[in-house]
1. Taking the stretch 152-168 as the region of interest, how many residues are exposed (fewer than 14 other Cβ atoms within 10 Å of the Cβ) and within 30 Å of Val238 (Cβ to Cβ)?
2. With respect to the numbered conditions (1) in a strand (DSSP E or B); (2) among the polar types (S, T, N, Q); (3) outside the structural domain of Val10 (by TED's automatic domain parsing), which one is the sole condition not fulfilled by Ser171?
3. Search the stretch 238-261 for residues that are more than 30 Å from Gly126 (Cβ to Cβ) and pair each with any residue that is among the β-branched types (Val, Ile, Thr) when their beta-carbon atoms are under 7 Å apart and the residues are at least 6 apart or on different chains.
4. How many residues does the stretch 108-166 contain that are part of a loop (DSSP other than H, G, I, E, B) and of a type in the set (D, E, K, R)?
5. For Asp251, which of the numbered conditions (1) among the charged types (D, E, K, R); (2) under 24 Å from the mean Cα position of the chain (by Cα); (3) in a loop (DSSP other than H, G, I, E, B) fails to hold?
6. Go through the residues of the stretch 37-59 one by one and say whether even a single one is among the basic types (Lys, Arg), in contact with a Ser or Thr (Cβ under 7 Å, 6 or more places away or on another chain) and surrounded by fewer than 21 Cβ atoms within 10 Å (Cβ to Cβ).
7. Do the conditions hold for Glu157, that is, is it among the acidic types (Asp, Glu) and in contact with a Gly (Cβ under 9 Å, 6 or more places away or on another chain)?
8. Could you tell me which residue of the stretch 124-179 is farthest from Asp90 (Cα to Cα), considering only residues that are among the hydroxyl-bearing types (Ser, Thr, Tyr) and in contact with a strand residue (DSSP E or B) (Cβ under 9 Å, 6 or more places away or on another chain)?
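The values are calculated or read from the model by the stated rules, or taken from the named source; none is laboratory data. Model, not experiment: these values are computed from the prediction. Here the Cβ positions follow ideal geometry from the backbone for every residue, glycine too, while neighbour counts run over all protein chains shown.
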Amino acid sequence: MCKLTAFMIVRNAEQQLPRCLASLRGAVDAVAVLDTGSVDGTTAILTAVAADRDGPPLSWWTRVFDDFGRARQAALDRVATPWALWIDADEMLSEPLRARLTALRASGELQQRDVWEIRIENRVLGRTMRGANLAGQYRARLLRVGHARVSKSLVHEGLEWDSDTRCGRLSEPILHEAMDSWRTYLRKVDRYTSLEVRERPSGYGPLLPLHLLVTAPATVWREYIGRGGWHDGWPGFVWAATGAWSSVLRDLKYLVRAGRR
């Protein structure tokens, strides 16, 4: 009853994927991967791992990307076991989490809850972050299939569940390389901000040009000072500055869209 499948969506993840898949060996019974249009070596890695009989069975398929919510739900829909673990290619299970999952499944304690939140330990440019925005995050990642669903979001999707769903927490972390390359992360920012502009209108209306002027310094102050990014030194500043660029880029895209109307 505690059979578990890890599910993920990937795109151009050849650098991160091998480490992620290696961390799943011995911790899950199967892996389900949805590729949304890789043009690097990702599919070759998936083909090789799927043919490897020493690890958990891996199945993968392709799907044209529309948004993160529907893509993630499509991956979850392929899970054939009673339990599912959401993981991304730039993440891996920590050794304490692997041990905890094994113990939960063996004892049957896993079934005392329907959804489990797991702590996310974020790393930026090689540093484990301590600032309030990145330290101590918990995300719903482990679920009994049928008791939660992926939110219908173009970006920043999450799990949703009914009020009577039983929830628990695991402090043993998933290790997340939030930013291992600044240039690669900037491409992600460009993609995410475009989806955010598509998903919802700007909340600033006619004040949008003013917001564009103040958002960069305000974001740096909030992330680096207010949320303690200064604890993380240079990586903390890079994270704050990149957040500021994300805000500016999003506002610029809103202005461009308004000018086309």
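1. 1
2. Evaluating Ser171 over (1) in a strand (DSSP E or B); (2) among the polar types (S, T, N, Q); (3) outside the structural domain of Val10 (by TED's automatic domain parsing) leaves (3) as the failure.
3. Note: pairs meeting the criteria are Asp251/Thr215; Lys253/Thr193; Lys253/Val197; Tyr254/Val197; Arg257/Val197.
4. 8
5. Result: Asp251 passes all but (3).
6. No: zero hits.
7. Yes, satisfied.
8. Thr165
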